[in-house]
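Everything below concerns the one structure shown next.
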Amino acid sequence: MSAFSAIGEHAEHDRNEYTPGVEPQPTWCPGCGDFGVLKALKGAAAELGLSPEEMLVCTGIGCSGKLNSYFDSYGFHTIHGRSLPIARAAKLANPGLTVIAAGGDGDGYGIGGNHFIHTARENHDMTYIVFNNEIFGLTKGQTSPTSPKGHKSKTQPHGSAKDPIRPLSMSLNAGASYIARTAAVNPNQAKDIIVEAVEHDGFSHIDFLTQCPTWNKDAKQYVPYIDVNDSEDYEFDNTDRNEASEMMFETENVLNEGTVLTGRYYVDEDRPSYQQEKRRIGEIPEEPLAERYFDEEYEWERVYDTFLDKHK
Amino acid sequence: MTDDELIWRIAGGSGDGIASTSQNFAKALMRAGLHVFTHRHYPSRIRGGHTYTEVRVSADPVRSRGDGYNFLLALGDSFARNPQENAYYGNEEVKPLSENLDELDEGGVIVYDSGLLDTDDIPDFDERVEENGWHVYDIDLRTIARDHGREVMRNTAGVAVTCAIADIEPQVIKSLMEDSMPEKVFEPNMSVFDDAYDTVREEFDADAPDVSVPAGEHDEEQVLISGSDAIAYGALDEGCRFIAGYPMTPWTEVFTIMSQNLPEVGGISEQVEDEIAAAALAVGASHAGVKAMSGSSGGGFALMSEPLGLAEMTETPVVLVEAMRAGPSTGMPTKPEQADLEHVLYTSQGDSHRVVFAPSNAEEAYKQTRRAFQIAYEYQIPSIVLYDQKNGGELQNVPASVFDEEPNADLGSIITEAELEDAPHDPSGKYNRFQHEGEKGVSPRSIPGQAGGRYLATGNEHMPAGHISEDPDNRVNQVNRRMEKMEAIRADLDGDEGTNTHYGPEEAEYGILTFGSQQGTVEEAIDRLNDESHAVKMLGVSEMAPFPVEEVTAFVESVDQVLVVEMNASAQFRGLTQKELGRYGEKLSSLLKYNGNPFEPAEIVDGFVTSIVEDGTLPGHETKFVPAASD
């Protein structure tokens with residue numbers, strides 16, 4: 001009998017189950033794209049048949065960091081940029097958990113950029129949703145790593161001299177095995193992508209375009225988007241690394257010119273996840289580690305019996 | 001020079017096998033019934049450069065490296081040579097000999113490898129030998145090694161020479177080599193050993209110097225353990241099965257030992273991108289229900305400041321170890337200092353709290369690491385094991401029975417699914433994980449995956465269910481509850497016996513207060529001072545936070561004056577003592593050392609007699625005396 005009976009509890013789940021019974025109500029601004037992420041995540045969780053208690057949603061700081069306040073599951077609202085190391089350790093400790101990390105573009109591509117690169121490189125089995133609205137929202141409108149070159153803000157009064165981060169290309173080069181871009185303006189595509197990402201065994205990166213009506217009125221995420229997987233103009237094989245790379249480059253070049261392309265850019269089903277690799281070389285136990293602490297039958301090793309001989 | 005003890009120094013270049021040879025030497029003598037203590041000196045480079053290890057051997061227990069030494073085995077900087085014969089990088093070839101002469105006792109022994117070292121390169125060598133009555137053995141260890149095996153076996157030849165001169169039964173060493181070497185290597189090593197041993201016996205008067213190893217016997221089985229081993233083993237016995245880290249000297253030793261042993265017991269070790277990630281991973285694993293640890297040295301620990309605060313705010317148990325080295329910044333990577341005390345006590349923003357233990361030797365390191373885990377998991381608070389390069393790296397014999405303890409995998413204050421059914425829940429449906437009514441400030445936590453236990457852990461101030469809140473009443477309640485833990489922990493630690501160490505006569509005129517790695521050296525100084533009719537006792541404090549105010553107050557009140565001995569320039573431990581006690585500034589003076597080397601017992605004896613008893617001024621600049629506030 002598992003100490004974690006919520007895990008693997010296969011029941012019908014309604015999307016409303018992931019809505020907290022009473023407060024807190026979202027504090028996001030009217031028209032904020034973050035509502036779209038919340039909606040898509042609830043839809044995906046219901047479709048996946050996940051019980052709220054087998055999900056751990058780890059977030060960073062900023063408007064996006066409040067996601068797990070409004071999504072009813074286990075949650076860890078961490079600190080700026082640090083959702084990934086906390087999330088991936090939780091998954092290592094208990095592989096039965098469905099672990100989703102989320103944060104903003106500053107959180108994920110700026111202050112947490114190092115963690116992003118390494119989590120992708122190691123291909124941890126988890127999903128990472130980056131709320132990309134090209135602006136710092138909660139600190140009131142500063143230029144972010146994805147803001148276009150020339151973007152003016154109070155901290156970049158002459159316009160940013162920096163080219164923006166290219167999140168999809170960065171993710172591909174770092175080693176993520178599932179990479180998609182979706183947008184708050186299409187919650188159905190977003191939901192489908194989250195479902196796929198969670199089911200994918202490996203690191204799934206979703207660059208989620210979210211509009212910020214308060215601080216980034218210039219952003220182009222409002223314009224109609226094109227689903228590259230459905231459009232004949234953009235036919236490509238998203239399991240082919242080179243083709244995916246080319247498509248990403250094209251997308252990332254035109255995003256700020258008013259053409260928004262979304263869809264699944266890269267899917268690698270063959271690459272083993274980090275957990276699989278670690279298990280293969282004997283560095284991760286077969287049974288979930290967290291279960292062991294609740295197993296009264298388990299015999300804990302003693303240093304005296306196990307390791308002391310070499311010191312005698 | 002007496003028969004009491006041998007202090008054997010093996011010197012060479014980094015990469016010469018100095019560490020492994022000295023370790024085997026120490027272990028062999030421990031097996032022969034003696035007490036051993038090692039001291040390492042090494043530069044921050046990979047190959048070459050001057051390095052040595054001392055092995056102090058005595059029939060009585062030894063607690064420090066001692067003063068000076070009486071036997072030098074000088075090998076060459078073999079690995080500083082490039083592949084071309086006789087071509088060296090730099091000009092350090094005679095350092096194993098030249099750098100070590102200052103501390104060699106009168107009448108001591110010098111063995112050097114005449115195949116690699118030439119005393120003509122050292123000015124005044126012959127005069128100094130004459131002046132000090134040193135016994136010099138020039139033996140071509142390199143050729144002996146080459147003749148029977150390979151050049152790297154020079155170490156074996158050197159050990160054989162030591163046995164011949166210091167009357168160590170060769171079988172003591174040989175049997176250990178047999179245990180630790182594959183047969184293919186063992187045979188040539190034996191030939192090297194015998195040839196070197198016979199050479200001394202035949203060509204020199206080996207009985208001339210009065211340097212020998214005493215006979216000894218242990219009452220019970222001993223193990224040779226470093227502080228780093230002891231910390232790792234304490235963690236493993238306490239059920240820690242997850243470690244995350246980033247390499248940094250000297251913390252790397254604990255990380256390495258854990259990484260090598262964890263897979264065998266079904267645990268997980270993660271080497272990650274930086275120290276922020278390392279501490280965050282430990283927090284994440286603990287949140288998910290596994291006993292977890294991380295650690296670093298000063299500069300890396302600085303990066304852990306934010307996950308440390310997050311662990312406190314989310315009440316996630318975690319153990320961090322901090323291996324101090326000389327700072328600020330990257331300082332002196334391979335030299336010990338005790339100057340991160342304030343860093344560890346006060347880092348992280350806000351009214352944040354953590355528990356800090358500072359063990360003084362391997363036995364304490366094992367016990368206090370276990371205690372650090374118990375406190376962390378029982379009280380849902382970060383706890384820190386603070387040690388330094390000295391106690392991390394030195395080897396000493398410890399009774400094996402110290403480790404003969406039951407394992408403990410208790411996660412502390414958690415709640416089961418059955419209990420969750422009746423537990424108070426928030427109207428939002430979440431479990432009230434951060435209730436105000438918790439006993440001793442502790443509110444039981446649920447683990448992700450448990451039915452009925454979902455809550456939000458957050459670094460923001462939060463309501464009982466974890467929802468973010470700036471409500472003033474809730475804020476005060478939450479802060480009070482988190483602070484209440486420290487009082488409860490203090491009361492709990494007061495029930496522990498022997499965490500802080502009292503040493504010396506109960507009735508004493510003077511006291512010495514110290515912490516961490518200097519304690520053993522102070523104990524030895526206390527013995528000598530009392531032998532010289534000074535009435536002095538010691539309190540070695542291991543509980544840095546929460547501070548044992550009552551115990552330290554009683555100690556300070558029981559003596560006229562207190563000398564605080566610590567390895568830093570700003571008297572951080574004395575400052576902490578004064579802050580916590582809130583008085584007695586007029587009684588506390590300081591003896592400080594911060595040149596990268598730990599205290600030797602004689603320095604403490606000198607410092608005490610010169611500054612406290614005679615009210616004089618310390619000679620030289622190795623140690624510094626800072627008088628009490630009233631002086």
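The values are calculated or read from the model by the stated rules, or taken from the named source; none is laboratory data. Predicted model, so just to flag it, every value in this text is computed and none were measured. Here the Cβ is made from the backbone with ideal geometry for all residues, glycine too, and neighbour counts use every protein chain on show. Note: areas computed on protein heavy atoms with side chains; ligands, DNA, RNA excluded. Shrake-Rupley method; radii C 1.70, N 1.55, O 1.52, S 1.80 Å.
Only a single criterion out of (1) open to solvent by 10 Å² or more (accessible area, probe 1.4 Å); (2) of a type outside the set (A, V, I, L, M, F, W, C); (3) at the interface with chain B (Cβ under 9 Å from one of its Cβ atoms); (4) assigned to a loop (DSSP other than H, G, I, E, B) is not satisfied by A:Asp72, namely (1).
Residues of the range B:358-383 that are among the aliphatic types (A, V, I, L, M) and more than 14 Å from the chain's Cα centre (by Cα): B:Ala372, B:Ile375, B:Ala376, B:Ile381. Answer with yes or no whether B:Glu497 is without any contact (Cβ under 8 Å) to a residue 24 or more places away in the chain, under 27 Å from B:Asp237 (Cβ atoms) and away from chain A (no Cβ under 14 Å). Taking the combined requirement at face value, the residue satisfies it. Being touching a helix residue (DSSP H, G or I) at 6+ places or on another chain (Cβ under 7 Å) and within 14 Å of chain B (Cβ to nearest Cβ) is a description that applies to A:Glu122. Kindly indicate the residue of the range B:255-301 that is facing chain A (nearest Cβ under 8 Å), open to solvent by 10 Å² or more (accessible area, probe 1.4 Å) and part of a helix (DSSP H, G or I) and also farthest from B:Arg325 (Cα to Cα) among those meeting that condition. Once the filter is applied, the top-ranked residue is B:Glu264.
Here's the yes/no breakdown for (1) aliphatic (A, V, I, L, M); (2) open to solvent by 10 Å² or more (accessible area, probe 1.4 Å); (3) touching a helix residue (DSSP H, G or I) at 6+ places or on another chain (Cβ under 7 Å):
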residue: B:Glu306; (1), (2), (3): no, yes, yes
residue: B:Leu341; (1), (2), (3): yes, no, yes
residue: B:His353; (1), (2), (3): no, yes, yes
residue: B:Ala362; (1), (2), (3): yes, no, yes
residue: B:Tyr366; (1), (2), (3): no, no, yes
residue: B:Ile375; (1), (2), (3): yes, no, yes
residue: B:Gln380; (1), (2), (3): no, no, no
residue: B:Val385; (1), (2), (3): yes, no, yes
residue: B:Asp388; (1), (2), (3): no, no, yes
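Answer with yes or no whether A:Asp207 is open to solvent by less than 10 Å² (accessible area, probe 1.4 Å) and either in a loop (DSSP other than H, G, I, E, B) or at negative phi (or both). Walk me through it before giving the result.
Working: open to solvent by less than 10 Å² (accessible area, probe 1.4 Å): yes; either in a loop (DSSP other than H, G, I, E, B) or at negative phi (or both): yes.
Yes: the conditions hold for A:Asp207.
Filter the range A:1-29 down to the residues that are within 12 Å of chain B (Cβ to nearest Cβ), in a loop (DSSP other than H, G, I, E, B) and of a type in the set (Phe, Trp, Tyr) and list them by number. Matches in the range A:1-29: A:Phe4 only. Residue-level check: of (1) free of Cβ contacts under 8 Å to residues at least 60 places away in the same chain; (2) in a loop (DSSP other than H, G, I, E, B); (3) under 30 Å from B:Pro250 (Cα atoms), B:Leu563 misses just (2).
Of all residues in the range B:425-448, exactly one satisfies the criterion of being open to solvent by 10 Å² or more (accessible area, probe 1.4 Å), in contact with a strand residue (DSSP E or B) (Cβ under 8 Å, 6 or more places away or on another chain) and touching a residue at least 40 places away in the same chain (Cβ under 8 Å), namely B:His425. The single condition among (1) within 18 Å of B:Val57 (Cα to Cα); (2) touching a helix residue (DSSP H, G or I) at 6+ places or on another chain (Cβ under 7 Å); (3) modelled with pLDDT under 95 that B:Ser226 does not meet is (3).
Scanning the range B:598-614 turns up at least one residue that is modelled with pLDDT under 95, at negative phi and open to solvent by 40 Å² or more (accessible area, probe 1.4 Å).
Here are some residues: A:Leu67, A:Leu97. Which one is at the interface with another protein chain (Cβ under 7 Å from one of its Cβ atoms), aliphatic (A, V, I, L, M) and either surrounded by 24 or more Cβ atoms within 10 Å (Cβ to Cβ) or in contact (Cβ under 8 Å) with a residue 40 or more places away in the chain (or both)?
Values: A:Leu67 fails: at the interface with another protein chain (Cβ under 7 Å from one of its Cβ atoms).
Matching residue, one of A:Leu67, A:Leu97: A:Leu97.
If you filter the range B:237-254 down to residues that are crowded, with 24+ Cβ neighbours inside 10 Å and aliphatic (A, V, I, L, M), you find that the one that is nearest to the other protein chains (Cβ to nearest Cβ) is B:Ala244.
Scan the helices (runs of 4 or more DSSP H) fully inside the range A:216-295 and keep the ones with 3 or more residues being farther than 24 Å from A:Pro95 by Cα and in contact with a Phe, Trp or Tyr (Cβ under 7 Å, 6 or more places away or on another chain). Give the derivation first.
Numbers: elements: A:241-254, A:274-280, A:289-292.
Once the helices (runs of 4 or more DSSP H) in the range A:216-295 are filtered for at least 3 residues that are farther than 24 Å from A:Pro95 by Cα and in contact with a Phe, Trp or Tyr (Cβ under 7 Å, 6 or more places away or on another chain), what remains is A:241-254.
Taking the conditions (1) touching a residue at least 60 places away in the same chain (Cβ under 8 Å); (2) buried (at least 20 other Cβ atoms within 10 Å of the Cβ) in turn, B:Ser22 satisfies each one other than (1).
Just to check your reading of the model, which residue among B:Lys390, B:Lys367 is more than 14 Å from chain A (Cβ to nearest Cβ), out of contact with any Phe, Trp or Tyr (no Cβ under 9 Å at 6 or more places or on another chain) and either closer than 23 Å to B:Val283 by Cβ or outside any loop (DSSP other than H, G, I, E, B) (or both)? B:Lys390 is the lone residue from the list that is more than 14 Å from chain A (Cβ to nearest Cβ), out of contact with any Phe, Trp or Tyr (no Cβ under 9 Å at 6 or more places or on another chain) and either closer than 23 Å to B:Val283 by Cβ or outside any loop (DSSP other than H, G, I, E, B) (or both).
Just name the residue that is nearest to the other protein chains (Cβ to nearest Cβ) out of those in the range B:401-460 that are among the hydroxyl-bearing types (Ser, Thr, Tyr) and part of a strand (DSSP E or B). Full working, then the answer.
Residues of the range B:401-460 that are among the hydroxyl-bearing types (Ser, Thr, Tyr), as a first pass: B:401, B:413, B:416, B:428, B:431, B:443, B:446, B:455, B:458.
Still in the running and part of a strand (DSSP E or B): B:431, B:458.
Working: B:Tyr431: 10, B:Thr458: 4 Å.
The selected residue is B:Thr458.
Tell me, which residue of the range A:75-87 that is more than 7 Å from every other protein chain (Cβ to nearest Cβ) and assigned to a helix (DSSP H, G or I) is farthest from A:Glu286 (Cα to Cα)? Out of the qualifying residues, it is A:Ser83. Entry remark, the range B:157-203: residues being touching a residue at least 60 places away in the same chain (Cβ under 8 Å), within 30 Å of the chain's Cα centre (by Cα) and either open to solvent by less than 20 Å² (accessible area, probe 1.4 Å) or farther than 16 Å from B:Lys27 by Cβ (or both) number 8 in total.
Within the range B:324-341, is even one residue in a helix (DSSP H, G or I) and under 30 Å from B:Tyr455 (Cβ atoms)? Among the residues of the range B:324-341, not one is in a helix (DSSP H, G or I) and under 30 Å from B:Tyr455 (Cβ atoms), which makes the answer no. Evaluated against (1) surrounded by fewer than 24 Cβ atoms within 10 Å (Cβ to Cβ); (2) in a loop (DSSP other than H, G, I, E, B); (3) facing chain B (nearest Cβ under 8 Å), A:Ile117 falls short on exactly one condition, (2). Annotation note: of A:Phe35, A:Phe76, the sole residue that is under 21 Å from A:His205 (Cα atoms) and under 15 Å from the mean Cα position of the chain (by Cα) is A:Phe76.
Select from the range B:431-450 the residues that are charged (D, E, K, R) and at pLDDT below 95 and write down the one among them that is farthest from A:Thr19 (Cα to Cα).
Quick first cut of the range B:431-450, residues charged (D, E, K, R) only: B:433, B:437, B:439-440, B:445.
This time we only want the ones that are at pLDDT below 95, so: B:437, B:439-440.
Values: B:Glu437: 27, B:Glu439: 32, B:Lys440: 33 Å.
Looking at residues that are charged (D, E, K, R) and at pLDDT below 95, I get B:Lys440.
Take B:Thr617 and tell me if it is open to solvent by 30 Å² or more (accessible area, probe 1.4 Å), in contact with a helix residue (DSSP H, G or I) (Cβ under 8 Å, 6 or more places away or on another chain) and hydroxyl-bearing (Ser, Thr, Tyr). Give the derivation first.
Numbers: open to solvent by 30 Å² or more (accessible area, probe 1.4 Å): yes; in contact with a helix residue (DSSP H, G or I) (Cβ under 8 Å, 6 or more places away or on another chain): yes; hydroxyl-bearing (Ser, Thr, Tyr): yes.
Answer is yes for this residue.
If we scan the range B:464-487, do we find a residue that is of a type in the set (Gly, Ala, Ser) and either in contact with a helix residue (DSSP H, G or I) (Cβ under 8 Å, 6 or more places away or on another chain) or closer than 30 Å to B:Glu364 by Cα (or both)? Scanning the range B:464-487 turns up at least one residue that is of a type in the set (Gly, Ala, Ser) and either in contact with a helix residue (DSSP H, G or I) (Cβ under 8 Å, 6 or more places away or on another chain) or closer than 30 Å to B:Glu364 by Cα (or both).
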